[in-house]
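Below is one structure; the comments refer to it alone.
The values are calculated or read from the model by the stated rules, or taken from the named source; none is laboratory data. Keep in mind the model is a prediction, meaning the values are calculated, not measured. Counting neighbours? That spans all protein chains shown, and the Cβs are built from the backbone with ideal geometry, glycine included.
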Amino acid sequence: MNKTIRWGMIGCGAVAEVKSGPGFYKANDSSLVAVTSADREMTRSFAQRHGVAKPYDTSEQLLADQDVDAVYIATPPSSHKPLSLLVANAGKHVYVEKPMAMRFEECREIVDACEQQGVRLFVAFYRRAMPRFLKVKEWLESGAIGEVRCVRAVQHQMPATEDLSRETLPWRLKPEVSGGGKFLDMGIHTLDMLDFWFGAIEEVHGIASNRAGLYDVEDTVTATWRHASGVQGSGSWCYVCGEGEDYVEIIGSQGRIEFEFFTDAPLRLINAAGVEEADIANPPHVQQPFIQSIVDDLNGIAPCPGNVESAVRSTWVADEVLKNYRQQKGY
């Protein structure tokens, strides 16, 4: 009989409300038993609305609860390392939001701490378990486009209203909290999926800049890279554009696959047989399939498709791309 994995959650903000939080009590053999955050009222409101029995005032109180087996860290990156170490030292399994930490070196510290304490570590690159991205993997592994030659990723967005004033900037655009801009927050998802499909990125070159002057972190990034498999890639991320674009193209020797990365618009397979579309809606709680895979992994049913070393690599790739810009800006 499978064990019910009893979860605690640190952080009750926007990401936990729909994307992740409900997944912990809707997944099979999984229960969300305790929550905490920096805001006492937010903690209690979340607990009441989601039926969580134990709202705690501090992380230490939550970690002292013997009914908690694993902890989801749903806070900004600046607190990922200290909280991950705290959770590991309490003997609980760690599930931390992406990016795993502010820098590559911090990721390695988290990995080492979890190994020393004998607890499991998972990172929220949850698209690895979402059906639409598994469909792309299926097409690739079936040889539907032959041998993959290269990949191209584009994410262009208009600035959000809150981005237009330094008085209203979200934490994602504050380097002391996020470690970078929207490239680090969203672009790293793309880098992780490419690692999932094509293996480790072994070589990367990037240029980051701030073109609009709305904030201090980068707003425009271009990069090129090479995977261990030989697949080459290029990407363009700009968050101060006049119009948006979301596009990934995987080019093979016998066709191509194209899709939008951050929506659930139909995937397209184009080869000699014609055009095949796969219309696969995202689940209501996008992290739930990945949460289920973690629970199944902890119960010894099947391994989680997430990989700690690839999560660390994604931060290394982002560090390499942003290195010169960070040095120029002094953070």
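Can you work out which of the residues in segment 243-263 that are of a type in the set (Ser, Thr, Tyr) and assigned to a loop (DSSP other than H, G, I, E, B) is nearest to ASP279 (Cα to Cα)? Working first, answer last.
Filtering segment 243-263 down to residues of a type in the set (Ser, Thr, Tyr) leaves 247, 253, 263.
Going one step further and asking which of them are assigned to a loop (DSSP other than H, G, I, E, B), we end up with 253, 263.
Details: SER253: 24, THR263: 11 Å.
Going through the qualifying residues, I end up with THR263.
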Just one of the numbered conditions (1) touching a Cys at 6+ places or on another chain (Cβ under 8 Å); (2) surrounded by fewer than 20 Cβ atoms within 10 Å (Cβ to Cβ) is not true of ASP219; which one? (2)
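Here's a check for you: in segment 46-66, which residue that is among the hydroxyl-bearing types (Ser, Thr, Tyr) and more than 19 Å from TYR25 (Cα to Cα) is surrounded by the fewest Cβ atoms within 10 Å (Cβ to Cβ)? Give the derivation first.
The initial filter retains those residues of segment 46-66 that are among the hydroxyl-bearing types (Ser, Thr, Tyr), namely 56, 58-59.
Filter once more, so that each one left must be more than 19 Å from TYR25 (Cα to Cα): 58-59.
Numbers: THR58: 14, SER59: 23.
Step by step, filter segment 46-66, then rank; the result is THR58.
Just wondering, is there one or more residues in segment 180-187 that are surrounded by fewer than 19 Cβ atoms within 10 Å (Cβ to Cβ) and aliphatic (A, V, I, L, M)? Step through it out loud before you land on a result.
Taking segment 180-187 as the starting set, the residues that turn out to be surrounded by fewer than 19 Cβ atoms within 10 Å (Cβ to Cβ) are 186.
Still in the running and aliphatic (A, V, I, L, M): 186.
Scanning segment 180-187, I find at least one residue that is surrounded by fewer than 19 Cβ atoms within 10 Å (Cβ to Cβ) and aliphatic (A, V, I, L, M), so the answer is yes.
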Within segment 113-230, strands (runs of 3 or more DSSP E) holding 2 or more residues that are touching a strand residue (DSSP E or B) at 6+ places or on another chain (Cβ under 9 Å) and closer than 21 Å to MET102 by Cβ: 121-123, 201-209, 220-227
LEU85 being at pLDDT 95 or above, buried (at least 19 other Cβ atoms within 10 Å of the Cβ) and either under 17 Å from GLY11 (Cβ atoms) or among the polar types (S, T, N, Q) (or both): no
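Residue-wise test of (1) among the charged types (D, E, K, R); (2) over 25 Å from LEU173 (Cα atoms).
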position: SER30; (1), (2): no, yes
position: THR43; (1), (2): no, no
position: VAL52; (1), (2): no, yes
position: GLU60; (1), (2): yes, yes
position: CYS114; (1), (2): no, yes
Applying the selection to segment 277-292, what residues are free of Cβ contacts under 8 Å to residues at least 40 places away in the same chain and in a strand (DSSP E or B)? GLU277
Exactly one of ASP29, ASP67 is charged (D, E, K, R) and at positive phi, and that one is ASP29
Only listed residue being closer than 23 Å to VAL148 by Cα and among the charged types (D, E, K, R), chosen from ASP296, ASP246: ASP246
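Being within 30 Å of ASN324 (Cβ to Cβ) and surrounded by fewer than 23 Cβ atoms within 10 Å (Cβ to Cβ): is that true of GLU106 here? Steps first, answer last, please.
Details: within 30 Å of ASN324 (Cβ to Cβ): yes; surrounded by fewer than 23 Cβ atoms within 10 Å (Cβ to Cβ): yes.
Against the criterion (within 30 Å of ASN324 (Cβ to Cβ) and surrounded by fewer than 23 Cβ atoms within 10 Å (Cβ to Cβ)), GLU106 qualifies.
Can you say whether GLU41 is surrounded by fewer than 21 Cβ atoms within 10 Å (Cβ to Cβ) and without any contact (Cβ under 8 Å) to a residue 24 or more places away in the chain, as far as the supplied structure shows? Walk me through it before giving the result.
Values: surrounded by fewer than 21 Cβ atoms within 10 Å (Cβ to Cβ): yes; without any contact (Cβ under 8 Å) to a residue 24 or more places away in the chain: yes.
Criteria met by GLU41.
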Taking VAL240, is it within 22 Å of VAL204 (Cβ to Cβ), aliphatic (A, V, I, L, M) and not in a strand (DSSP E or B)? no
Collect the residues in segment 245-266 that are exposed (fewer than 14 other Cβ atoms within 10 Å of the Cβ) and touching a residue at least 60 places away in the same chain (Cβ under 8 Å), keeping them in residue-number order. GLU245, SER253, GLN254
